[in-house]
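Here's the structure, in structure tokens; my notes come after.
Please treat every number below as a calculation from the coordinates, not as lab data. Everything quoted here is computed from the prediction, not taken from an experiment. Neighbour counts run over all protein chains shown; Cβ positions are idealised from the backbone, glycine included.
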Amino acid sequence: MSNKPKVLVARAIFPDLLAKLEESFEVRSNQADQVFTPEELQKELSSVDGALVTGSERIDASALAHAKNLKIAANISVGYNNFDVPVMTAAGVMASNTPDVLTDSTADFGFALVMATARRITESERWIRDGQWDKWSIVSNPLGMDLHHSTLGIIGMGRIGQGIAKRAFGFGMNVIYHNRSRLPEADEKACAAKYVSKEELLRTADHVILVLPYTADSHHTIGAKEIALMKPTATLVNIARGGIVDDVALAQALKEKKIFAAGLDVFEGEPKVHPELLKLSNVVLAPHIASGTEKTRRAMVNLAVENLRAALAGKKPPSLINAEAFKG
Ligand code: 8YV
């Protein structure tokens with residue numbers, strides 16, 4: 001029997017990073033990458049001191065029911081709506097996430113999705129592959145909406161939102177934003193963004209991008225009522241979380257051409273995608289890959305491991321969410 005701390009790695013990670021972890025811990029890994037059922041997760045957590053988890057693992061009262069030795073659940077993700085933080089704190093389990101290391105990759109992808117959506121890139125590719133391109137045409141080949149000198153509305157102006165605003169500056173875009181709280185003047189200046197109400201943003205933006213955390217308050221931030229405020233020529237991009245947009249209302253609006261197009265990296269109930277969205281040509285679909293470059297995913301795993309190592313050594317994890325759970 002080893003006396004190394006026991007660690008669960010709930011999903012597949014890069015083999016070299018797993019091997020490194022195995023030098024210090026007794027690791028129970030899941031390189032098959034099958035998502036645990038809630039019952040399996042509860043059982044897995046019952047015998048470990050720490051766990052590396054992702055957005056697919058919900059850490060709540062049921063998951064923690066028998067987790068008597070668990071000191072930390074380290075999310076390999078910046079968003080942590082999979083954590084019931086008050087329950088974790090009450091159980092003395094530290095919660096950590098992976099901020100900063102994914103900001104630029106995620107902002108790059110958000111901007112790419114705005115471009116792909118406005119300029120109909122994936123639709124155009126499908127059109128060519130379907131053999132529909134028989135001649136160049138001024139009017140009948142897929143025509144899109146401009147980004148340059150248009151107005152970009154960012155809902156959720158944290159690190160990633162600000163990163164997107166800085167990218168938009170290079171395209172000569174006018175950037176407006178809405179956030180729970182207004183940014184300090186210096187930050188607004190640094191990303192040349194103007195604070196407006198959610199309603200004004202929806203009414204005036206040519207392209208709307210959602211980058212806010214998912215909470216009970218942000219559930220269905222965009223539904224039929226909000227879409228009705230948008231311009232018929234506008235696009236909507238969601239790189240935040242499924243549930244922030246009412247996907248049923250969005251599919252209906254896209255079908256009725258109430259807005260020009262949408263780009264979605266996240267979905268309500270993913271990996272399931274609402275069947276109506278799959279039928280529409282004016283929506284760009286991506287499988288939750290905004291942070292998905294190998295370099296960034298490695299950095300995310302490394303930061304999660306750093307959090308885990310600190311917690312199991314009795315030190316404060318660098319990106320601890322619930323400071324109250326740290327008994328230093
Ligand atoms: C993760 C994300 O890949 O960090 C986030 O909040 O959405 C992604 O970067 C995903 O949540 C898996 O845990």
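What whole-number distance in Å separates the alpha-carbon centres of the range 277-328 and the range 129-174? Here the answer is 28 Å between Cα centres.
Remark: 203, 241 ranked as 203, 241, counting other beta-carbon atoms within 10 Å and listing the fewest first.
As a calculated quantity, the FRET efficiency between residue 24 and residue 169 at R0 = 45 Å, using C-beta atoms, amounts to about 0.55.
Taking a straight Cα-Cα cut-off under 19 Å and skipping sequence neighbours fewer than 8 places away in the same chain, no lysines fall within cross-link reach of residue 135. Rounded to the nearest 10 degrees, the angle from helix 159-170 to the longest Cα principal axis of the chain is 30 degrees. Normalised by residue count, the chain yields a Cα convex hull volume of 151 Å³ per residue.
Taking amide H as placed 1.01 Å from N in the peptide plane, the amide H of residue 58 sits under 5 Å from none that are at least 5 places away or on another chain. Computed extension length for residue 133-residue 121: 2.9 nm, one decimal, from 0.36 nm per residue of separation with the Cα-Cα distance subtracted.
Overall form of the range 1-108: oblate. Here a/c, set by the Cα gyration tensor axes a ≥ b ≥ c, is 1.5 or more, and a/b is not larger than b/c. Remark: the chain carries a charge dipole of roughly 360 debye about the Cα centre, counting +1 on each Lys and Arg Cβ and -1 on each Asp and Glu Cβ.
Rounded, prolate or oblate for the range 198-279? Axes are the square roots of the Cα gyration tensor eigenvalues, ordered a ≥ b ≥ c, and the cut-off for rounded is a/c under 1.5. Oblate is the answer for the range 198-279, as a/c is 1.5 or above yet b/c matches or exceeds a/b. Of all lysines in the structure, those lying under 17 Å Cα to Cα from residue 279, and not within fewer than 8 positions of it along the same chain, are 255, 257, 258. Rounded to the nearest whole angstrom, the semi-axes of the ellipsoid equivalent to the range 150-214, taken from the Cα gyration tensor as √(5λ), stand at 14, 14, 11, largest first. An oblate overall shape is assigned to the range 173-245, the ratio a/c of its alpha-carbon gyration tensor axes (a ≥ b ≥ c) being 1.5 or greater and a/b not exceeding b/c.
Arranged from fewest to most other beta-carbon atoms within 10 Å of their beta carbon, 20, 6, 71 become 20, 6, 71.
Look at 9, 27 and count the other Cβ atoms within 10 Å of each Cβ; fewest to most, that gives 27, 9.
A simple charge model with +1 on the Cβ of Lys and Arg, -1 on the Cβ of Asp and Glu and nothing else charged puts the dipole of the range 1-46 at about 120 debye relative to its Cα centre. So what's the angle, to the nearest 10 degrees on a 0 to 90 scale, between helix 294-312 and the longest Cα principal axis of the chain? Once rounded, the angle reads 30 degrees. Across the range 84-170, the fraction of Cα-Cα pairs farther apart than 19 Å, rounded to a whole number, is 59%. Charges were assigned to the Cβ only: +1 to each Lys and Arg, -1 to each Asp and Glu. The resulting dipole of the range 1-95 about its Cα centre is roughly 200 debye. Rounded to the nearest 500, the 222 nm mean residue ellipticity of the chain from helices alone is -10000 deg cm²/dmol, with -39,500 (n - 2.57) taken per DSSP H run of at least 4 residues.
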